């Protein structure tokens, strides 16, 4: 009985340590505001990165119109202006 209790306590401590050391779930993303999400990919050697935004799109469908999530991605970086200033905010990569 003592071995089972010690084993369970060890597994619990190991699991708690792994959860504490895990990176945050929102790495490189912002949520809320006028977008569902705004997430950046890794910065490439030339200084560019890919930003993807999620928005809701209205789909009229007779009496049951609904909103559908839609993803739009653009490449950002030095010398690459983005037409939509809301997508380009912030003009630097979102930190992890």
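Worth a mention:
Residue by residue, here is whether (1) touching a strand residue (DSSP E or B) at 6+ places or on another chain (Cβ under 8 Å); (2) modelled with pLDDT under 90; (3) assigned to a loop (DSSP other than H, G, I, E, B) holds:
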{"position": "50", "(1), (2), (3)": "yes, no, no"}
{"position": "74", "(1), (2), (3)": "yes, no, no"}
{"position": "86", "(1), (2), (3)": "yes, yes, yes"}
{"position": "90", "(1), (2), (3)": "no, yes, yes"}
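- Members of segment 27-43 found to be modelled with pLDDT of 90 or more and in a loop (DSSP other than H, G, I, E, B), listed by number: 41, 42, 43
- Residue within segment 6-19 that is surrounded by 10 or more Cβ atoms within 10 Å (Cβ to Cβ) and modelled with pLDDT of 90 or more present: no
The values are calculated or read from the model by the stated rules, or taken from the named source; none is laboratory data. Please read all numbers here as calculations on a predicted model, not as lab measurements. Here Cβ is always computed from backbone atoms with ideal geometry, including for glycine, and neighbour counts include all displayed protein chains.
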